[in-house]
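To start, the structure itself, in structure tokens.
What follows is calculated from the coordinates using simple rules that are stated; it is not laboratory data. None of these values were measured; they are calculated from a predicted model. Don't worry about glycine lacking a Cβ; one is built from the backbone with ideal geometry, like all the others, and counts go over all protein chains shown.
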Amino acid sequence: MDRVCEPEIMEGEEQARVYAQADFAEENQGFVDHFFELYPEVEQGTVLDLGCGPADIPIRLLRRRPALRVMGVDASKPMLRWAREAVREAGLADRIHLLCARFQECRPEQPADAVISNSLAHHVPNPLQFWYAVKTLARPRAPVLVMDLLRPDTEEDARNLVELHAADEPEQLRRDFYASLLSAFTEDEVAAHLAEMNLSRLLIDVPDDRHWMVSGRV
Ligand SMILES: C[S@@+](CC[C@H](N)C(=O)[O-])C[C@H]1O[C@@H](n2cnc3c(N)ncnc32)[C@H](O)[C@@H]1O
């Protein structure tokens, strides 16, 4: 099945609300646990989170390593409002800096000490822009962890995944999940993007029925 690109920025108020209030605890904690399994030495410095959404991952990251700082970048104003609220409630406003911008236009003063991103890549029309940002916004040899959805072979497979993993979720979230699956990349496509950007030292893995994960040092 060919890729059907979904809108880049999650700009809708309702779309952002439903996403921010959904329960991604298991997935997000799994992402954070995996980051520290791979890179236990990361205790200080700034982690850049591309497409940070409601900032659940940055908050979980800082619960594990309170001396870290996170710079979260997201171009959706409603999503960042949810993020600011969550960060304030967690008492982490002094350690999590949130920037409302497209990552393609993001020019931090310092390169990041690590780069993470969950579920952003499939929103980006040109995936090479995403990998270019990972490469150029990180300091040399910085640890990277990127996770995203895997495009199924057929629309029917995509519908089955929505039923399997989001049967009881609100209709908006189910619609977005389906659109995101159709907009996602296959494992081979991601491997080709990494090769094209001269990032072949990053490794791709498929941990379950709907995700790919890329890790390594840039
Ligand atoms: C599916 S959400 C994932 C949010 C978060 N990473 C998480 O795991 O919960 C994708 C986010 O990426 C943001 N986004 C999409 N394209 C972007 C871009 N070019 N620059 C910055 N943020 C972008 C969307 O607005 C949305 O908030």
| task | Could you please rank Ile204, Ile59, Ile96, placing first whichever residue has the fewest other Cβ atoms within 10 Å of its Cβ? | result | Ile204, Ile59, Ile96
| message | With every atom except the alpha carbons ignored, what do you get for Rg and Dmax of region 13-217, in angstroms? | response | 16.2, 46
| Residue separation times 0.36 nm, minus the C-alpha to C-alpha distance between Asp153 and Arg141: what's the value? | 0.9 nm
| remark: Listed by chain and number, the residues whose amide H is under 5 Å from that of Ala112, excluding neighbours fewer than 5 places away on the same chain and using placed H, are Ala138, Arg139
| What 222 nm value per residue comes from the helices of the chain, counting each DSSP H run with n ≥ 4 as -39,500 (n - 2.57) and dividing by all residues, nearest 500 deg cm²/dmol? | -13000 deg cm²/dmol
| note | Counting only backbone N atoms under 11 Å from a point 7 Å out along Cα-to-Cβ of Gln172, the residues of region 1-34 in range are 11-22
| note | A chain fully extended from Arg88 to Tyr132 at 0.36 nm per residue, minus the present Cα-Cα distance, gains in nm 12.7 nm
| From the Cα gyration tensor of region 83-177, with a ≥ b ≥ c the square roots of its eigenvalues, which class applies: rounded if a/c is under 1.5, or else prolate if a/b is larger than b/c, or else oblate? | oblate
| note | When Lys135, Lys77 are ranked with the fewest other C-beta atoms within 10 Å first, the list becomes Lys77, Lys135
| If you plug each phi of region 122-135 into the Karplus form 6.51 cos²θ - 1.76 cosθ + 1.60 with θ = phi - 60°, what whole-Hz ³J(HN,Hα) values come out, in order, with x for Gly and Pro? | 5, 7, 8, x, 10, x, 5, 5, 5, 5, 4, 5, 4, 5
| field | Residues whose placed amide H lies under 5 Å from that of Leu99, excluding near-sequence neighbours | value | Gly72, Val73, Asp74
| field | Cα shape, region 1-121, gyration tensor, a/c 1.5 rule | value | rounded
| note | A chain fully extended from Ala101 to Arg3 at 0.36 nm per residue, minus the present Cα-Cα distance, gains in nm 32.8 nm
